[in-house]
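Report on the following structure.
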Amino acid sequence: MYTLIKSLLFYLDPEVSHHLSLKILKLTHSLKLIRYKNLLSSQTIKLCGLTFPNQIGLAAGFDKNGDYIDALASFGFGFIEVGTVTLKPQLGNAKPRIFRLKQDNAIINRLGFNNKGCDYLIERLKKTKFKGILGINIGKGHTTTLNSASDEYVELFTKLFPYASYITINISSPNTKDLRELQHGNLLSSLLKKLKQTQTTLNQQYNKYVPLVVKISPDLSSTELTHIADIFLQEKIDAVIATNTTIGREGVTDALALETGGLSGKPLNKNSTSVIKQLNKLLANKIPIIASGGILNPQDALEKINAGASLVQIYTGLVYSGPRLIAQLVKHFEEAI
Ligand SMILES: Cc1cc2nc3c(=O)[nH]c(=O)nc-3n(C[C@H](O)[C@H](O)[C@H](O)COP(=O)(O)O)c2cc1C
């Protein structure tokens with residue numbers, strides 16, 4: 001069924017087909033034409049004080065504004081991450097800005113955090129019926145300077161705290177100028193210190209623990225990873241998502257490789273898994289890892305778990321394989337236990 005839908009959707013511009021398919025999904029869901037899939041793993045996963053019904057999550061960027069949470073939840077995800085959301089609405093980069101590299105099972109995007117802003121997201125979150133694990137991914141605005149970025153993250157963290165199961169600090173998108181600078185040295189440690197202080201205050205205020213998760217880039221050197229891991233351990237962050245998209249083009253054969261932006265999907269897999277392996281050693285089981293990057297089939301997902309990840313997230317795999325991928329991954333994990 002998805003093969004047929006995909007061949008129709010792939011005729012359209014990727015961004016148009018993304019929004020169209022989500023709108024159709026939402027409509028069919030509201031008309032109760034989609035049956036809710038309850039993919040409960042026989043061994044639920046406890047992580048950061050949260051209980052995940054299965055290990056498969058939706059990666060950030062698929063539903064940036066929280067418009068489709070209930071409909072997407074019907075696919076049976078163990079958790080859903082919305083965003084990246086910024087403090088104020090922003091349009092993102094000029095179109096076209098998403099490219100399908102079909103022969104490589106990959107996507108290049110240079111969206112640049114197009115989103116309707118955190119106030120809009122909050123209104124959506126107030127209306128959702130979803131009771132599962134909901135992550136909110138936050139990022140700095142495109143005109144925000146590096147010096148004022150931490151204040152903006154703190155403000156976003158504070159506003160979104162009541163609605164989140166966990167909050168992801170996105171400092172790894174390649175499409176917002178200078179954003180990745182926040183992954184290094186004093187900028188990283190002072191950002192995380194401020195956020196941890198905010199988290200402690202809010203935990204007491206709301207009597208609720210909201211884990212602080214950081215999403216990192218696959219383009220970090222081994223030395224940079226060592227420094228980052230030290231800071232993560234020092235600041236006691238709750239989990240790491242490894243990884244975001246890459247600016248590299250290794251393993252890409254499609255002519256669209258020349259497009260600027262972050263590459264996701266199959267060609268990202270190896271590099272992203274290598275980051276997980278290195279992090280797993282450096283973090284020595286003290287901070288859990290959530291895998292994201294090039295999971296297109298059950299074998300890919302299992303490799304991430306074997307490399308040290310506790311959970312996985314998918315995005316490009318969902319575009320190429322459709323929602324049945326979620327059930328396939330859950331089933332494969334069950335068999336592998
Ligand atoms: C079109 C598109 C938009 C994305 N937007 C975001 C985003 O807003 N925030 C974020 O943290 N990651 C974003 N990502 C990265 C994904 O969440 C994921 O980390 C990455 O694509 C690697 O996973 P994949 O190979 O399964 O797609 C986006 C990816 C794509 C393809």
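What follows draws every value from the coordinates through simple rules; no lab data is involved. The shown structure was predicted, so the numbers you read here are calculated from the model rather than taken from an experiment. For neighbour counting, all protein chains shown are included, and Cβ atoms are generated from backbone atoms with ideal geometry for every residue, glycine included.
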Original post:
Within region 105-112, is even one residue more than 10 Å from the ligand (Cβ to nearest atom), aliphatic (A, V, I, L, M) and outside any loop (DSSP other than H, G, I, E, B)?
Top reply: no
Original post:
So which of Lys102, Lys37, Lys95 is among the basic types (Lys, Arg) and more than 22 Å from Ser321 (Cα to Cα)?
Top reply: Lys95
Subject >> Matching residues, region 129-143, being farther than 30 Å from His29 by Cβ and without any contact (Cβ under 8 Å) to a residue 24 or more places away in the chain >> reply: Thr143
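Here is a yes/no grid of residues against (1) within 10 Å of the ligand (Cβ to nearest atom); (2) assigned to a strand (DSSP E or B):
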{"site": "Ala94", "(1), (2)": "no, no"}
{"site": "Tyr120", "(1), (2)": "no, no"}
{"site": "Arg124", "(1), (2)": "no, no"}
{"site": "Lys131", "(1), (2)": "no, no"}
{"site": "Leu134", "(1), (2)": "no, yes"}
{"site": "Asn137", "(1), (2)": "yes, yes"}
{"site": "Lys140", "(1), (2)": "no, no"}
Original post:
Any residue in region 39-56 that is surrounded by 18 or more Cβ atoms within 10 Å (Cβ to Cβ) and within 12 Å of the ligand (Cβ to nearest atom)?
Top reply: yes
Original post:
Out of curiosity, is Lys6 away from the ligand (no atom under 16 Å from the Cβ) and among the basic types (Lys, Arg)?
Top reply: no
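Residue-wise test of (1) more than 9 Å from the ligand (Cβ to nearest atom); (2) part of a helix (DSSP H, G or I); (3) surrounded by 24 or more Cβ atoms within 10 Å (Cβ to Cβ); (4) polar (S, T, N, Q).
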site	(1), (2), (3), (4)
Asn271	yes, yes, no, yes
Asn285	yes, no, no, yes
Ala309	yes, no, yes, no
Glu335	yes, yes, no, no
**OP:** Mind listing just one residue for me: the one in region 204-220 that is part of a loop (DSSP other than H, G, I, E, B) and over 21 Å from the mean Cα position of the chain (by Cα) and, of those, farthest from the ligand (Cβ to nearest atom)?
**Re:** Asn207
**OP:** Hey, can you tell me all the residues within region 287-300 that are of a type in the set (S, T, N, Q) and within 11 Å of the ligand (Cβ to nearest atom)?
**Re:** Ser292
Subject >> Cβ-Cβ under 8 Å pairs, at least 6 apart or on other chains, region 255-269 side more than 17 Å from Pro96 (Cα to Cα), far side among the basic types (Lys, Arg) >> reply: Pro267/Arg249
Original post:
Residues of region 186-206 being over 23 Å from Leu47 (Cβ atoms), of a type in the set (S, T, N, Q) and in contact (Cβ under 8 Å) with a residue 40 or more places away in the chain, which ones?
Top reply: Ser189, Ser190
**OP:** Among the residues of region 136-159, count how many are more than 20 Å from the chain's Cα centre (by Cα) and of a type in the set (Lys, Arg).
**Re:** 0
Subject >> Answer from Ile241, Ile228, Ile237 - the residue that is crowded, with 17+ Cβ neighbours inside 10 Å, of a type in the set (A, V, I, L, M), in a loop (DSSP other than H, G, I, E, B) and in contact (Cβ under 8 Å) with a residue 40 or more places away in the chain >> reply: Ile237
**OP:** Tell me, yes or no, whether region 131-151 has at least one residue that is hydroxyl-bearing (Ser, Thr, Tyr) and under 21 Å from Asp63 (Cβ atoms).
**Re:** no
Original post:
So, in region 207-225, of the ones that are touching a residue at least 24 places away in the same chain (Cβ under 8 Å) and over 22 Å from Leu156 (Cα atoms), which residue ends up surrounded by the fewest Cβ atoms within 10 Å (Cβ to Cβ)?
Top reply: Ser222
